[in-house]
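Everything below concerns the one structure shown next.
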C-alpha cells in the first residue's frame with residue numbers, strides 16, 4: 001500500500017521506516033530540510049536503538065523516501081499525521097499549530113476514500129475539528145494514538161502492546177460506513193502486526209484521543225506516588241526501594257514505574273499531563289484532574305531535593321565544589337534532553353555556585369545546545385576527575401556498572417548521589433564512598 005507520513009521527527013521517522021519494513025511504499029514529508037537530508041541518506045537525526053539498522057534495511061528496498069515536497073503525498077491511500085504538539089509558551093495547553101498546518105497542506109492532495117490517520121497527541125476534541133476540515137475532500141479521519149517509549153520505539157511500532165482506532169460514529173453510537181471502510185484500509189497497513197494477535201480497540205474519536213493522555217497521566221501518577229513515599233521514607237528512616245519491592249509484589253500494583261528518584265522528564269509526560277489539565281479546565285471538568293497538579297509538583301520537588309542532598313553531603317554548601325553529573329538525557333537509551341531532570345539539577349547546582357561538569361553517552365550535543373553555560377565532558381573519567389561529589393542522574397547501563405574503586409582513584413572526595421536508586425549501596429560504601437539516594441537512609 002502507498003502511504004505518506006507527515007512529520008519526520010521522532011514519531012514520524014520511526015513510523016515511516018517501520019511501515020517500509022512491513023512492505024509498504026512510504027513517503028515521509030517534513031519542512032526541516034536538514035532532517036530530511038539525513039533520513040534520505042539513511043542516517044537517523046536522533047539517537048534511537050535499532051533505527052539506523054531499520055533505515056539501512058528499507059534503503060535497500062527503495063520503498064521509503066523522504067522529501068520536503070508535500071505534493072509527493074499525492075496518490076497515497078493512507079496519510080499518517082505525526083507532527084509534534086509541544087506545550088504552549090507560558091501556558092499549560094498544547095500547541096496545535098503543527099497539526100493544523102499539516103492537515104491544511106494535505107487537503108489539496110486528498111481524494112475521496114483516502115484515510116488520514118492522526119497519531120499526534122492532541123487534546124480531546126481536536127479530531128472532531130479535523131474531521132470537519134477534511135469532510136469536503138471525501139477523506140476519512142481515524143485517530144490512532146501512538147504509545148512509543150524512547151529507546152524502544154522500533155519495537156513499539158512493529159510489535160505494539162495494543163492498537164487503538166478512533167472512528168467516526170453515527171448518532172446512534174456505531175461507526176459510520178465511511179469509518180468502517182477506513183478501518184479496513186488501516187487494517188491492511190497493520191496486517192502483519194495484527195496477524196500476531198495484538199489487541200485492537202475500536203472506539204470513537206473522543207475515547208481514542210483520551211487513551212494516550214490517560215495512560216501517560218497514570219504512569220506519571222505512579223512515578224510521583226513512589227517519589228511522595230520517598231519523601232516520607234526520608235522523614236522516617238525507611239527505605240523506599242524496599243517499600244517499592246514490597247508493594248510491587250501485589251499484582252494490582254506491579255513493580256514497574258515504582259523507581260523513586262529524580263522523577264520523569266522528556267517531551268511527553270510533563271507536557272501531556274499539563275495539556276490534559278488545561279483541556280479539562282476548558283471543558284469545565286478541571287476538578288477531575290486537580291490531582292495532576294500535585295503529581296507535577298512532586299515531580300519538580302525531586303529536583304530541588306537532589307540539590308539539597310548535594311549540599312548535605314558537602315557539609316552545608318556546594319559553593320566552589322566540583323560536581324560531576326553522569327547523564328544529560330531524560331532517560332537512558334535516548335539523546336532527548338527535553339525537560340531533563342539531570343540537566344535541570346546540573347543547572348541549579350551551577351547557579352548556586354558549584355563547578356558542574358556533565359557527561360552522557362549520546363546526549364552531549366543536544367545538551368550543549370540547550371544549556372550552553374554548562375561544562376561537558378565526553379568521558380566519565382574526564383567528568384569525575386577532581387570531583388567533590390558525583391551524581392548519577394540518568395541510569396545508563398554503563399553508569400550502573402561503574403567500578404567504585406576505579407572512580408575513587410580520580411575523584412577528590414568519594415561522595416556519590418544515586419539519583420535513580422540503581423547502584424548497590426553496600427558495594428559503594430565498602431569502597432569508602434559516602435552513598436546517598438532519595439528516599440533511602
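Quick note: the coordinates plus some simple rules give every number you see, no bench work behind them. Values in this document were obtained by computation on a predicted structure and should not be read as measured data. No Cβ is skipped: glycine too gets one built from the backbone with ideal geometry, and neighbour counts run over all protein chains shown.
Largest GNM mean-square fluctuation across 60, 156, 30, computed for the chain with C-alpha springs under 10 Å, falls on 60.
Sorted largest first, the spans of the alpha carbon positions of segment 2-198 along the three principal axes are 47, 45, 31 Å. The Cα center of segment 243-274 and the Cα center of segment 25-52 differ in position by 32 Å.
To the nearest 0.05, how large is the calculated FRET efficiency for residue 192 and residue 40 if R₀ is 41 Å and r is the Cβ-Cβ distance? So the FRET efficiency works out to roughly 0.95.
Structure remark: mean-square fluctuation, Gaussian network model of the chain, C-alpha springs under 10 Å; the largest value among 31, 14, 122 belongs to 31.
Normalising the average separation of contacting C-alpha pairs (under 8 angstrom, six or more residues apart) by the number of residues puts the relative contact order of the chain at 12 percent. The average projected area of segment 299-401, computed from the convex hull of its Cα atoms over all directions, is 5.9 nm². Of the residues 274, 162, 89, the one that moves most in a GNM of the chain with alpha-carbon contacts below 10 Å is 89. Take every pair of alpha-carbon atoms less than 8 Å apart whose residues are at least six positions apart; their mean separation over the length of segment 2-198 yields a relative contact order of 19 percent.
Compute the distance from the alpha-carbon center of segment 281-302 to that of segment 311-366, in whole Å. About 27 Å separates the Cα centre of segment 281-302 from the one of segment 311-366. Once both labels are positioned 7 Å from their Cα atoms along Cα-to-Cβ, the gap between residue 255 and residue 89 label points is 4.6 nm. Taking other C-beta atoms within 10 Å as the exposure proxy, 301, 338 rank 301, 338 from fewest upward.
Of the residues 159, 315, the one with the fewest other Cβ atoms within 10 Å heads the list, and the complete ranking is 315, 159. Taking a ≥ b ≥ c as the square roots of the eigenvalues of the Cα gyration tensor, an a/c ratio of 1.5 or more together with a/b no larger than b/c marks segment 239-330 as oblate.
Mind running the shape call on segment 44-106? Use the C-alpha gyration tensor, a ≥ b ≥ c as the square roots of the eigenvalues: rounded below 1.5 for a/c, prolate if a/b tops b/c, oblate otherwise. Oblate, because a/c is 1.5 or more while a/b does not exceed b/c.
Using 0.36 nm per residue and subtracting the Cα-Cα separation, the extra length available between residue 410 and residue 33 on full extension is 131.3 nm. Shown for 405, 272, 360: other C-beta atoms within 10 Å of each C-beta, ranked fewest to most, produce the order 405, 272, 360. Computed across segment 222-437, the Kirkwood radius stands at 17.9 Å (inverse of mean 1/r, all Cα pairs). Separation of segment 128-182 from segment 405-441 is 48 Å, based on Cα centroids. Using the alpha-carbon atoms, what tilt in degrees (0 to 90, nearest 10) does helix 51-61 show relative to the longest principal axis of the chain? That works out to roughly 30 degrees.
The stretch between residue 162 and residue 290, if pulled fully straight at 0.36 nm per residue, gains 43.2 nm over its current Cα-Cα span. To test your reading of the geometry: what angle, between 0 and 90 degrees and rounded to tens, separates the Cα axis of helix 291-313 from the longest principal axis of the chain? Compared with the principal axis, the helix lies near 30 degrees. The angle between the Cα long axis of helix 177-189 and the longest principal axis of the Cα atoms of the chain comes to about 60 degrees, rounded to the nearest 10.
Using just its DSSP H runs of length 4 or more, each adding -39500 (n - 2.57), the chain gives a mean residue ellipticity at 222 nm of -13000 deg cm²/dmol after division by all residues. As a calculated quantity, the FRET efficiency between residue 170 and residue 149 at R0 = 35 Å, using C-beta atoms, amounts to about 0.50.
Here the contact order of segment 222-437, divided by its residue count and restricted to Cα pairs under 8 Å and six or more residues apart, works out to 18 percent.
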